[in-house]
Amino acid sequence: MKNVIVIGAGPAGLMASIKLAEMGHKVTVFESMPKIARKLGISGKGRGNITNSCSYEEFLKHFNNNGRFLKTAFRCFFNTDLINFFRNEGITTTEERGGRIFIGSGRATDAVNALHKALLKRKINLMVNSPVSELLIDNRTCLGVSSNGRQHRSDAVILATGGKSYPATGSTGQGYELAKACGHSIVTPLPSLVALKCDTDLSSIQSVSLKNISAELRVENKKVSAKFGELNFTDGNLGGPIILSLSREAVPAINSGKNCAIILDLKPALDSEKLDARILRDIEIKKHENLLSLMRGFLPIDLCYFFINKLSLSYKLKVSDLTKNVRMLIKSGLKELKFNLVDYCKWENAIVTSGGVSTKEIVATTMESKLIKNLYFCGEIIDIDADTGGFNLQAAFSTGYLAALSLNSKVD
Ligand SMILES: Cc1cc2nc3c(=O)[nH]c(=O)nc-3n(C[C@H](O)[C@H](O)[C@H](O)COP(=O)(O)OP(=O)(O)OC[C@H]3O[C@@H](n4cnc5c(N)ncnc54)[C@H](O)[C@@H]3O)c2cc1C
């Protein structure tokens, strides 16, 4: 039996703790917050999108370049294993659009409560309000931790402190300092899956949400990526699922001072020719009305005013007076509405962190540090991040599971 300390009671640390305790080890979890897994509790808009039903190959495609690092973790514990794990803890799941698996009750906090019960059932020692401030290292070996001015010894330590996003949930990036202090390299953490800021005032369309549209990210005028789906303008930023996905490539580009823009195709189902024919048809039907009335046939009303202003036109313009040039302007506005990006929202609003402890210094088949003996990593603290869709939580649970498994089989 090993005496193991886990730092961080998020999905990664909790899975590692539960698995280790099941295998007969003595586990103590240090959590800086008064309660466990606050981020899991608000995940998926409070509904907990814990994984995705897609295949292993498809799953890996949703991660950054380090997706390969997760191969063993996913082979050991994948989506159906996670669903079964929760089922055994009394939590059902339900599948939605895009293979997204949510907590069946619609409450992510039910998953948190189930994990809490699982800790109690397995007699895991949970120390809340106990931030770890130091790893005890001697001769390149981890011997335990310091918390609240006291030292605690153990046979191994698992660092599962998460990233830097949503710091109010407890993940403040302190784990990076602990890893750095014992020699680990940190790939610069940046907010990811985050709303983007542009140079246009979007306050008049804050309540507009658009479905089935295409958005393209251009960096230095070159198409880098494109997504189809839902977008919104909440808080005067470009947001919603497709923008969050594009932010994974937009944030590093903005950060390095590159010229970035989002181009919206508001009518992706119509090619340029068909759209022109449709505009011409509507002009004929609405020839006695004004431009606002014409645009209402194409866009939600709030967006009509914004759109007409953005094209520097007047909504009172008579449809019968529209020139060919104006018609072409409208058509290209609908197909290529451009927003120059100037910034991105900060840590407080980012769903995940890109960057973190370098995967080059962690053994992918065990999650053990290559630099410090008896130190393991799991979850978002590692330089891995993925799209929305349940991929990030699965990575946290899977790496936690693998850390426990390899610690169990390790012979000293
Ligand atoms: C609003 C929001 C919605 C999300 N929705 C989804 C979703 O639906 N699907 C999905 O796949 N992903 C989602 N994510 C991402 C997902 O929640 C994270 O990737 C996941 O929680 C990471 O798990 P973790 O255990 O590595 O870290 P965390 O969940 O961040 O847990 C780390 C824990 O460590 C503790 N800690 C930190 N430092 C210390 C210290 N020094 N000492 C002791 N304890 C410490 C923290 O308090 C925290 O409890 C969402 C994220 C946010 C912010």
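The values are calculated or read from the model by the stated rules, or taken from the named source; none is laboratory data. On a predicted model such as this, the values are computed, not experimentally measured, just so you know. No Cβ is skipped: glycine too gets one built from the backbone with ideal geometry, and neighbour counts run over all protein chains shown.
The table below lists the values:
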read-out	value
Close pairs from the range 171-191: first within 12 Å of the ligand (Cβ to nearest atom), partner aliphatic (A, V, I, L, M) and assigned to a helix (DSSP H, G or I), Cβ under 6 Å, at least 6 apart	175/381
Given (1) in a strand (DSSP E or B); (2) over 24 Å from the mean Cα position of the chain (by Cα); (3) not small (Gly, Ala, Ser), index of the condition residue 334 fails	(1)
Any hit, the range 329-344, residues being without any contact (Cβ under 8 Å) to a residue 24 or more places away in the chain, more than 16 Å from the ligand (Cβ to nearest atom) and either of a type outside the set (Phe, Trp, Tyr) or surrounded by 20 or more Cβ atoms within 10 Å (Cβ to Cβ) (or both)	yes
Residues being near the ligand (Cβ under 9 Å from one of its atoms) and either more than 13 Å from residue 119 (Cα to Cα) or surrounded by fewer than 20 Cβ atoms within 10 Å (Cβ to Cβ) (or both) - total across the range 13-29	0
Qualifying residue in the range 390-406 (condition: polar (S, T, N, Q), part of a strand (DSSP E or B) and either within 17 Å of residue 39 (Cα to Cα) or within 16 Å of the ligand (Cβ to nearest atom) (or both))	no
Residues being outside any loop (DSSP other than H, G, I, E, B) and at positive phi - total across the range 66-111	2
Any hit, the range 33-46, residues being within 6 Å of the ligand (Cβ to nearest atom) and assigned to a strand (DSSP E or B)	no
Number of the exception - residue 199 against (1) loosely packed, with under 14 Cβ neighbours inside 10 Å; (2) under 30 Å from residue 6 (Cα atoms)	(2)
All positions within the range 31-80 that are free of Cβ contacts under 8 Å to residues at least 40 places away in the same chain and under 23 Å from residue 18 (Cα atoms)	75, 80
Filter result for the condition that a residue is polar (S, T, N, Q), at pLDDT 95 or above and within 13 Å of the ligand (Cβ to nearest atom), over 161, 141	161
Residue in the range 1-12 that is surrounded by the fewest Cβ atoms within 10 Å (Cβ to Cβ), counting only those that are more than 6 Å from the ligand (Cβ to nearest atom) and assigned to a strand (DSSP E or B)	3
